[in-house]
Amino acid sequence: MSPPSAPPKRVRKSPEARRAEIVGRAATIALTEGLECITMRRVAEDLAVRPGLISHYFPVAEELVAEAFGTAASDELEELIPAERPIGSALDSLARFFALSAGARYDDMSRLWLNARHLSRFRPVLAERVAAQEAAWRDRITEVLREGTAEGVFRPEDPAVAAILILVVLDGLGVHANTDRSNRPAAVTNMAVTTAERELGLASGTLLALVEGAAASAAPTD
């Protein structure tokens, strides 16, 4: 009779890996259920650990909520407009951004932004993180617009103002993430793109054609 096998040795995660795991799980909860559903106990149950482990890394629950939102928002920004952008023009980068941000997969992010902005009225830690993420978005888009201006393609009066106008329109459209948009006129759906064309001095339809082409390229195939 062979001796019983020893139970598998549990691998202890580094503090960095454990913290990232906690934040990642909290970010998933935020995206799928809302920031209000992030609690020490809930995250601990999902990760099959004791609640004390979560509080060890995040003594205050609000810090975890803010970190979850910040992580989700940062990941979205990096996917839509990477800091290290692929070789190509600023116009291509902007078209890719609009194509990806208009996809249904980003409705959850629109809902999360709505959720975070509402809760930030009552949660100072979250309010600071929302403000930081808004600034990051403005800076990243402004950077693309300045690149396009240097290339001689964009002709905005002020790249920073143009970036804010584009984001305001996108935020306005994102408010409707919970509603049926099947009957939305194309003029409304494309409002952010047409705003960008106007503010950047592009011929009407120039950017929209590139956005539609980028969207078709990004669409999943059977």
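Just so you know, all these numbers are worked out from the coordinates, no wet-lab data involved. Predicted, not measured: the structure shown is a model, and the values here were computed from it. With ideal geometry, Cβ positions are generated from the backbone for all residues, glycine too; neighbour counts draw on all protein chains shown.
Quick notes
- Subset of segment 58-81 (residues that are surrounded by fewer than 16 Cβ atoms within 10 Å (Cβ to Cβ) and over 24 Å from A135 (Cα atoms)): P59, V60
- Top-ranked residue in segment 138-152 [being surrounded by 17 or more Cβ atoms within 10 Å (Cβ to Cβ) and of a type in the set (A, V, I, L, M); ranked as farthest from the chain's Cα centre (by Cα)]: L145
- Answer from D108, D46, D92 - the residue that is touching a residue at least 12 places away in the same chain (Cβ under 8 Å), of a type in the set (D, E) and under 17 Å from G174 (Cα atoms): D108
- Failed criterion for G88 (all others in (1) buried (at least 16 other Cβ atoms within 10 Å of the Cβ); (2) closer than 20 Å to T142 by Cβ hold): (1)
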